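Colleague: Have a look at this one before I ask anything.
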Amino acid sequence: YVVASPRVLGIDPSLTSTGWACRMDGTVHRGTITCGELTGPRRLDYIANRVADLIVKYDPDLIAYEDYAMGKSGSMSRVFDIGELGGCLLYTSD
């Protein structure tokens with residue numbers, strides 16, 4: 001008998017270009033979520049809604065999030081923004 005591979009959705013959260021990949025039936029689907037000029041709550045809402053769309057589309061068995069990264073500058077002002085994004089995404093995938 002054949003055991004189906006689990007569908008795994010991987011998310012690399014970013015305020016500017018959130019990457020994603022989903023392994024399903026031996027094929028990897030991937031892309032990025034960019035939000036243009038959106039900032040603040042509108043940006044968080046946009047990214048969270050696109051991730052929700054991916055969850056509905058691929059119906060993953062497991063969602064894996066990459067750990068937070070501070071980018072090249074490591075600016076402390078971005079720490080809160082990235083934390084908010086992480087919270088929105090975790091809430092979305094619950």
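Colleague: Looking at the structure I just gave you, is residue 19 under 10 Å from the mean Cα position of the chain (by Cα) and either closer than 18 Å to residue 78 by Cβ or not basic (Lys, Arg) (or both)?
Modeller: Yes, satisfied.
Colleague: Another one. How about the stretch 28-37: which of its residues are modelled with pLDDT under 95 and open to solvent by less than 70 Å² (accessible area, probe 1.4 Å)?
Modeller: Across the stretch 28-37, the qualifying residues are 35, 36.
Colleague: Suppose we filter the stretch 17-54 for residues that are closer than 21 Å to residue 86 by Cβ and in contact with a strand residue (DSSP E or B) (Cβ under 7 Å, 6 or more places away or on another chain); how many remain?
Modeller: 15
Colleague: Inside the stretch 38-69, can you point out the residues that are under 12 Å from residue 21 (Cα atoms) and open to solvent by less than 30 Å² (accessible area, probe 1.4 Å)?
Modeller: 51, 54, 58, 60
Colleague: Say whether the condition of being polar (S, T, N, Q), surrounded by 11 or more Cβ atoms within 10 Å (Cβ to Cβ), at pLDDT 95 or above and closer than 19 Å to residue 88 by Cβ is met by at least one residue in the stretch 8-17.
Modeller: no
Colleague: In the stretch 1-44, what residues are in contact with a Phe, Trp or Tyr (Cβ under 8 Å, 6 or more places away or on another chain), without any contact (Cβ under 8 Å) to a residue 12 or more places away in the chain and part of a loop (DSSP other than H, G, I, E, B)?
Modeller: 38
The values are calculated or read from the model by the stated rules, or taken from the named source; none is laboratory data. Small disclaimer: the values here were computed from a predicted structure and weren't measured. For neighbour counting, all protein chains shown are included, and Cβ atoms are generated from backbone atoms with ideal geometry for every residue, glycine included. Keep in mind that these areas ignore ligands, DNA and RNA; they rest on the heavy atoms of the full protein, side chains included. Shrake-Rupley method; radii C 1.70, N 1.55, O 1.52, S 1.80 Å.
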